[in-house]
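Some notes on the structure that comes next.
The values are calculated or read from the model by the stated rules, or taken from the named source; none is laboratory data. Not measured: the values here are computed from a predicted model. No Cβ is skipped: glycine too gets one built from the backbone with ideal geometry, and neighbour counts run over all protein chains shown.
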Amino acid sequence: MHELSIASAVVDSVLEFVAERSIKRVIAVRLAVGELSHVEEEQLRFCYMAITQETPIRDSALEIERVPAVVRCHHCDYSGRPKYWDDALSAAPVPTLQCPNCGGAVEPVEGIDCAIKSVRFVSDEPVEIIPGASGFVNDPS
């Protein structure tokens, strides 16, 4: 269950961010989770909630943005969605690393990462937001 280690790393990063600033409360943490990371959303939410219970971010929401998989085939120059294994014993079709066009091996291009996209928080201090920089956002409410 790698959801626990992912949730733990996210919480550690957010707690470090909170400790370095005058943040009253974290409202929400938004993650981008790639389809090829095979992260189960509900397990990740459960782990996040369990880990944050006794921390300064205990009441924050975990928002998950799914990033679709994109693959590239060097055999036939295909670029797009992967081939899916529909017969897998899972709730949804499983993406494979097989080209849907020629059947060759493909290279994942997008949808493989899990990253913090933004943190919404309430702070006493004004926060400078640099376009294109970190996704940490001060909510003035």
- Cβ-Cβ below 8 Å, separation at least six or inter-chain, first residue in region 33-44 and in a helix (DSSP H, G or I), second modelled with pLDDT under 90: which pairs? E35/P95; L36/P95; Q43/M1
- Of the conditions (1) within 20 Å of the chain's Cα centre (by Cα); (2) crowded, with 17+ Cβ neighbours inside 10 Å, the single one that D59 does not satisfy is (2)
- Those residues of region 8-26 which are aliphatic (A, V, I, L, M) and either out of contact with any Ser or Thr (no Cβ under 8 Å at 6 or more places or on another chain) or crowded, with 18+ Cβ neighbours inside 10 Å (or both), in sequence order: A9, V10, V11, V14, V18, A19, I23, V26
- Query: For D77, all conditions in the list (1) exposed (fewer than 12 other Cβ atoms within 10 Å of the Cβ); (2) in contact with a strand residue (DSSP E or B) (Cβ under 7 Å, 6 or more places away or on another chain) hold save one; what is the number of the exception?
  - Reply: (2)
- Task: Test A69 against the criterion of being on the phi < 0 side of the Ramachandran plot and in contact with a Phe, Trp or Tyr (Cβ under 8 Å, 6 or more places away or on another chain), and give yes or no.
- Result: no
- Item | Near pairs, Cβ below 9 angstrom, 6+ apart or cross-chain, from region 84-106 (over 9 Å from C73 (Cα atoms)) to any residue that is among the small types (G, A, S) and at pLDDT below 75 | Y84/A92; V94/A88
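For every residue, the table says whether it meets (1) modelled with pLDDT of 95 or more; (2) of a type in the set (S, T, Y).
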residue	(1), (2)
G80	yes, no
E107	yes, no
S118	no, yes
E128	no, no
F136	no, no
P140	no, no
- If S5 passes every condition in (1) surrounded by 15 or more Cβ atoms within 10 Å (Cβ to Cβ); (2) among the polar types (S, T, N, Q); (3) closer than 23 Å to P95 by Cα but one, which one does it miss? (1)
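Can you tell me which residue in region 43-78 is nearest to A28 (Cα to Cα), limited to those that are β-branched (V, I, T) and either in contact with a Gly (Cβ under 8 Å, 6 or more places away or on another chain) or in the same structural domain as T96 (by TED's automatic domain parsing) (or both)?
Among residues in region 43-78 that are β-branched (V, I, T) and either in contact with a Gly (Cβ under 8 Å, 6 or more places away or on another chain) or in the same structural domain as T96 (by TED's automatic domain parsing) (or both), the one nearest to A28 (Cα to Cα) is V67.
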- Message: Can you tell me which residue is farthest from I27 (Cα to Cα) among those in region 85-125 that are of a type in the set (S, T, N, Q) and assigned to a loop (DSSP other than H, G, I, E, B)?
- Response: N101
